[in-house]
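If you scroll down you'll find the structure; I have some questions about it.
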Amino acid sequence: MVAFLFCTALAVAQTAAKETEKDTTVVKQINIVYGGDLTKDEIQYPGAFIFTKDETQQVQFEHQGADLWCDVAIFYLNENRLKAIGNIRLQQGDSIEMTSGKIDYDGNSKLAKAYENVILDSQTSEAGSVQLTTDTLRFDRENQQAYYQDFGTVIDSANTLTSEIGRYFMEIKKYQFLDSVHIDNPQYILDSEQLDYYTTSKNAYMYGPSTITGEAYKIYCERGFYDTKIESGYGIKNTRIDYNNRIIEGDSVYFNKAKEFASATNNITVTDTINKAIIRAHYAEVFKAKDSVFATKRAVTISLVEKDSLYIHGDTLMITGKPKERVLRAFRNAKIFKTDLSGKCDSIHSEEKTGVTQLIKRPILWNGVNQMTGDSIHIISNLKTEKLDSLKVLNNAFIISLDSISKTGYNQAKGINLYGQFKDNDLRIIDLDKNTEVLYYMYNSDDELIGINKTISSAIRITLANNEIENLTFIKDPDGDIFPEAELPLESRKLKGFIWRGDERIATKEDIFDADDNSIILPVIRGIDHPIDIDAEEEERSKNPNDPVNKIPPSTNTQTTTPKERPKVKKVKTNQ
């Protein structure tokens, strides 16, 4: 009689539930597939039916494409919800399985809240198995999302990921992690404030302060992408890569471990941590295997000489070689500048091992107000003190300076070669040899012109003070005279080969850049000021036919299964 009353009540309740389907919101009733032993406890669970597993199998329910097995179920039929307890397994299609100690499930909202050692397994043939473990998990079947708020761990074939808060979007196979996100991979670790992770492609998108630490590199960014399978990616906000004794910073920085390559775009700084030199540019490439850096677009390298910075610029810069053996090449429109020394030429070649910096093809060098030209110019540094040591101007050496008093004449000296000596990074002595000539304006202590000295000699020594000529010494066989100004015609006041290029002098570090350098239009880096639509970006990546993202099978989440027979109920007990 009790069983009859229960079955009648059950049928009435199911009929009433079907009536609710006439509302604008369609609600499907939770179906009992196997009820096991049935009891009621109106004191503790008023209005509920209590199902308990029997000797043969667990209690089983079905709801819109998902099956649930448990040891005990407290089923509120009229409210279309249940509490499942003990050895719970919830299966949705072939791809989603969740186990836990307890579940509260609402059939109206299709929301499951699982407790106690929750494990969510998602399975696809492309990505393999992905397992989420947490203490409490909410599974929103209506929107096909699962989320936790009290720490969780996700393990797939490539990575172990942990975070305080996480959400899984089942249809696009994406996890969204928040707060203390950590990826543990045998090759590296990744820590982030927020990270989106696609389980099929194993791609990670980082938001907020994020750090990736590999065996031979470290990456920091506040917005970036990383392919966790091949250790390749980029940062587009406050990005820094510590790589092969260099620090690379820029608006957009790319890294590829397999190719041993990094590149950067816009507002770049590459710091050599061993040689304590930096490169600034708007595009740069770093090749680890070749231990080299390529830079262009307003490219300049800056190194410290004593307490003064030395700037070298070219349309293209290349730095190659091991630490302490670096070779710098500046190609096309090359320039060099420090406070009291500057120059320009077609190209510059600077070798750290020898300490020699060569200005090649049409070189010109200014030491203070003194202009020096020749077929080639070499600046030599002392390898021990790292100070400027000496200077060579080879073939057709010519030195000119504007007369500081008259401002109309030019002091000049020339020879086959010029050799200079530095002291405390200041040029103090200049020796000219072979077929030397000099033209020099001479004044008394009252700055009154005595005459113009025009002499030839086998060799000449010039001493400098504060970058101005202090004394002239004719070493051998001088032949010349001091001419009164009126007796020396203007056309005789310039030595053969005289070319004054004072308007080209590089007076400040900004002068090393010309109009082309200053008119560079920087590319716009997407996502710095506004977040990128990463789902769309991931879809764009998947257009590659070989990308496994394309092989994701259609979702089966909308399937509905209806039991073909009445639930099996063996016994009925009441506690009223």
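The values are calculated or read from the model by the stated rules, or taken from the named source; none is laboratory data. For clarity, every value in this text was computed on a predicted model and none was experimentally measured. Cβ: placed from backbone, ideal geometry, glycine included. Neighbour counts: every protein chain shown. Areas reflect the complete protein model, heavy atoms only, side chains present, ligands, DNA and RNA absent. Shrake-Rupley method; radii C 1.70, N 1.55, O 1.52, S 1.80 Å.
Give me the percent of the accessible area of the range 93-228 that comes from carbon and sulfur atoms, probe 1.4 Å, all protein chains in place. Show your work: numbers first, answer last.
Numbers: 2210 of 5040 Å².
Carbon and sulfur: 44 percent of the exposed surface of the range 93-228.
Given +1 on the Cβ of Lys and Arg, -1 on the Cβ of Asp and Glu, and no further charges, what dipole in debye does the chain carry about its Cα centre, rounded to the nearest 20?
Details: 70 positive and 86 negative charges, 226 e Å.
Magnitude of the dipole: close to 1080 debye.
Ignoring ligands, DNA and RNA, what percent of the 1.4 Å accessible area of the range 404-511 is carbon and sulfur?
Values: 2930 of 6440 Å².
The C+S portion of the solvent-accessible surface of the range 404-511 is 46 percent.
Right, another one. What Kirkwood radius, in Å to one decimal, follows from the Cα pairs of the chain?
Details: mean 1/r = 0.0328 Å⁻¹.
Evaluated on the chain, it is 30.5 Å.
Let me ask something else. Heavy atoms only, 1.4 Å probe, whole protein assembly: order Leu418, Leu178, Leu490 by accessible area, highest first. All intermediate terms of the calculation are to be shown ahead of the outcome.
On the way: Leu418 0, Leu178 60, Leu490 130 Å².
From most exposed to least exposed: Leu490, Leu178, Leu418.
Where does the charge balance sit around Asn267 when Lys and Arg score +1, Asp and Glu -1, over other residues with C-beta under 11 Å from its C-beta?
Working: positive: Arg280, Lys297, Arg298; negative: Glu249, Asp251.
Residues close to Asn267 contribute a combined charge of +1.
Right, here's the next one. Per-residue accessible area for Tyr115 at 1.4 Å probe radius, Å² rounded to 10?
Per-residue accessible area (Tyr115): approximately 60 Å².
Something else: In terms of modelled amide H atoms, which long-range or inter-chain residues lie less than 5 Å from the amide H of Tyr283?
Here the answer is Asn266, Thr296, since their amide H atoms fall under 5 Å of that of Tyr283.
Report the charge-dipole magnitude of the range 70-122 in Debye, nearest 20, computed about the Cα centre from +1 at each Lys and Arg Cβ and -1 at each Asp and Glu Cβ. Please report the intermediate quantities before stating the final value.
Numbers: 6 positive and 8 negative charges, 33 e Å.
Here the size comes out at about 160 debye.
Can you tell me how the range 164-210 classifies by the Cα gyration tensor, rounded, prolate or oblate, using a/c under 1.5 as the rounded cut?
oblate
Next question, about the same structure. Output the 0 to 90 degree angle, nearest 10, between the alpha-carbon long axis of helix 2-19 and the longest principal axis computed from the alpha carbons of the chain.
Value to nearest ten degrees: 50.
Just in the range 462-521: which chymotrypsin sites (Phe, Trp or Tyr not before Pro) are loop by DSSP and have at most 14 other Cβ atoms within 10 Å?
On the way: sites: Phe474, Phe498, Trp500, Phe513; in loops: Phe498, Trp500, Phe513.
Sparse-neighbourhood loop chymotrypsin sites (Phe, Trp or Tyr not before Pro): Phe498, Trp500.
In sequence order, what are the phi-derived ³J(HN,Hα) couplings for the range 487-494 according to the Karplus relation 6.51 cos²θ - 1.76 cosθ + 1.60 with θ = phi - 60°, rounded to whole Hz, with x for glycine and proline?
Per-residue couplings from phi come out as 8, 10, x, 4, 5, 9, 8, 10 Hz.
Leaving out same-chain residues fewer than 8 places away, which lysines sit with a Cα under 16 Å from that of Lys476?
Lys414, Lys434, Lys454
Which whole-angstrom value gives the distance between the alpha carbon centres of the range 146-185 and the range 267-292?
Distance between centres, Cα-based: 35 Å.
So, one more: With a 1.4 Å probe and all protein chains kept in place, how do Ser303, Ser100, Ser404 rank by accessible area, largest first?
Details: Ser303 40, Ser100 15, Ser404 65 Å².
From most accessible down to least: Ser404, Ser303, Ser100.
If you add up the charges near Val286, with Lys and Arg at +1 and Asp and Glu at -1, over every other residue whose beta carbon is less than 15 angstrom from its beta carbon, what do you get?
Around Val286, the surrounding residues sum to +4.
Of the chain, which part is the longest with no GluC sites (Glu not before Pro) in a loop (DSSP not H, G, I, E, B) and with at most 10 other C-beta atoms within 10 angstrom? Write down the numbers at each step before the final one.
Values: sites that count: Glu55, Glu215, Glu448, Glu565.
My reading of the result: 216-447 is the longest stretch.
Next question, about the same structure. What accessible area, in Å² to the nearest ten, does a 1.4 Å probe give for Ser180?
Estimated to the nearest 10 Å², Ser180 gives 70 Å².
Also: In Å², and per residue, what accessible area does the chain have when probed at 1.4 Å with the other protein chains present? Don't jump to the answer; show the numbers that get you there.
On the way: 28280 Å² over 576 residues.
Roughly 49 Å² per residue, with all protein chains present.
Let me ask something else about it. Based on DSSP H runs of at least 4 residues, each adding -39500 (n - 2.57), what is the mean residue ellipticity at 222 nm of the chain after dividing by all its residues, to the nearest 500 deg cm²/dmol?
Values: 3 runs with 30 residues, N = 576.
About -1500 deg cm²/dmol.
Express in Å², to the nearest 10, the accessible area of Leu137 obtained by rolling a 1.4 Å probe over the protein heavy atoms while all chains stay in place.
Accessible area, nearest 10 Å²: 0 Å².
Heavy atoms only, 1.4 Å probe, whole protein assembly: order His349, His313 by accessible area, highest first. Show your work: numbers first, answer last.
Values: His349 40, His313 0 Å².
The ordering from most to least exposed comes out as His349, His313.
I'd like the Karplus ³J(HN,Hα) series for the range 376-384: coefficients 6.51, -1.76, 1.60, θ = phi - 60°, whole numbers in Hz, and an x wherever there's a Gly or Pro.
8, 10, 10, 10, 10, 9, 7, 5, 7
For the range 344-359, in order, what is each residue's ³J(HN,Hα) by Karplus, 6.51 cos²θ - 1.76 cosθ + 1.60 with θ = phi - 60°, in whole Hz (x at glycine and Pro)?
8, 5, 6, 8, 10, 10, 10, 10, 5, 5, 9, x, 9, 10, 9, 9
Using a ≥ b ≥ c from the Cα gyration tensor of the range 24-122 (square roots of the eigenvalues), is it rounded, prolate or oblate, where a/c under 1.5 gives rounded and otherwise the larger of a/b and b/c decides, a/b for prolate? Before the final figure, lay out each step's value.
Working: a/c = 1.58, a/b = 1.14, b/c = 1.39.
In terms of gyration-tensor shape, oblate.
Does the range 404-539 classify as rounded, prolate or oblate by the C-alpha gyration tensor (a ≥ b ≥ c root eigenvalues; a/c under 1.5 gives rounded; else a/b over b/c gives prolate, otherwise oblate)? Please list the in-between numbers first.
Working: a/c = 3.53, a/b = 2.92, b/c = 1.21.
Prolate.
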